[in-house]
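The values are calculated or read from the model by the stated rules, or taken from the named source; none is laboratory data. What you see is a predicted model, and the numbers here were worked out from it, not measured in a lab. Here Cβ is always computed from backbone atoms with ideal geometry, including for glycine, and neighbour counts include all displayed protein chains. The protein model used for the area step is the full one, side chains on, heavy atoms only, and it has no ligands, DNA or RNA in it. Shrake-Rupley method; radii C 1.70, N 1.55, O 1.52, S 1.80 Å.
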Amino acid sequence: MVVKVLHNGNCSKSNAVLEYLDENGVPFEIINIVDDPLSPLEIRTVLKKLNQSVFHIIRKTDKLYVENYADKNYSEEEWIKILSENPSLIQRPILVKGSVAMLGRPIENVKFFIEK
């Protein structure tokens with residue numbers, strides 16, 4: 001089964017996961033979330049596969065978050081819209097395989113995920 005990787009090419013952890021998958025012969029498809037941002041529906045779908053709330057995938061150390069969102073109290077739906085419009089705020093990489101997904105960090109988790 002092909003693993004879909006929600007990827008940001010400027011992220012060293014995301015690039016490390018792609019390298020790991022390639023070195024281990026795991027077929028994968030890159031979805032560049034910066035060049036092709038996820039729609040709110042796609043974000044909801046990923047969250048369902050992660051079995052997590054939107055708050056689990058927000059990059060709270062990102063400069064944009066710290067400067068514009070850290071002190072705000074948005075609903076889950078509002079956050080989904082914000083992430084759709086600001087994909088750099090999404091934790092990455094996120095690996096999707098069929099009906100399940102996981103954050104691709106730490107990289108040790110990736111091995112478990114692709115073997116499952």
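Summing Lys, Arg as +1 and Asp, Glu as -1, what charge do residues with Cβ under 13 Å from the Cβ of Val3 carry, Val3 excluded?
Summing Lys/Arg as +1 and Asp/Glu as -1 gives +2.
Quick one: accessible area per residue over the range 1-99, 1.4 Å probe, rounded to a whole number of Å²?
With all protein chains present, the range 1-99 gives 56 Å² per residue.
Could I have the simple spin-label model distance between Lys63 and Ser39, label points 7 Å from Cα toward Cβ, reported in nm to one decimal?
3.2 nm
Ordering Ile43, Ile31 from largest to smallest accessible area (1.4 angstrom probe), what's the sequence?
Sorted by accessible area, descending: Ile31, Ile43.
Within 10 Å of each candidate Cβ there may be at most 13 other Cβ atoms; applying that plus a DSSP loop requirement, which trypsin sites (Lys or Arg not before Pro) in the range 26-74 survive?
Answer by residue number: Lys60, Lys72.
Students often get this wrong, so try it: which of (i) 84; (ii) 96; (iii) 120 is volume of the Cα convex hull per residue in Å³ as calculated from the structure shown?
Computed from these coordinates, volume of the Cα convex hull per residue in Å³ corresponds to label (ii).
Just to be sure I understand: of the beta bridges DSSP finds with both ends in the chain, what percent are antiparallel, rounded to 5?
Once the DSSP bridges in the chain are tallied, antiparallel ones form about 60 percent.
By the scheme Lys and Arg +1, Asp and Glu -1, what is the net charge of all other residues having a beta-carbon under 14 Å from that of Ala70?
+1
Please go through the residue pairs Lys63/Lys116; Lys4/Lys60; Lys72/Lys116; Lys63/Lys97 and name each one whose alpha carbons sit more than 27 Å apart in this structure.
Beyond 27 Å: Lys63/Lys116; Lys72/Lys116; Lys63/Lys97.
How large a share of the accessible area of the range 1-88, in percent, is made up of carbon and sulfur atoms when the probe is 1.4 Å and the other protein chains stay in place?
The value for the range 1-88 is 48 percent carbon and sulfur by accessible area.
Per 0.36 nm of contour for each residue apart, how much would the distance between Ile107 and Asn24 grow if the chain were fully extended, relative to their Cα-Cα spacing?
The Ile107-Asn24 span can extend by a further 28.6 nm.
Per the helix-only calculation at 222 nm, which mean residue ellipticity applies to the chain, given -39500 (n - 2.57) for every DSSP H run of n ≥ 4 and division by its residues, nearest 500 deg cm²/dmol?
Dividing the helical sum by the residues of the chain leaves -12000 deg cm²/dmol.
Compute for the range 50-116: radius of gyration divided by Kirkwood radius, i.e. Rg/Rh, restricted to C-alpha atoms, rounded to two decimals.
Result for the range 50-116 is an Rg/Rh of 1.02.
Around Asp36, under 13 Å between beta carbons, what's the net of Lys plus Arg minus Asp minus Glu among the other residues?
-2
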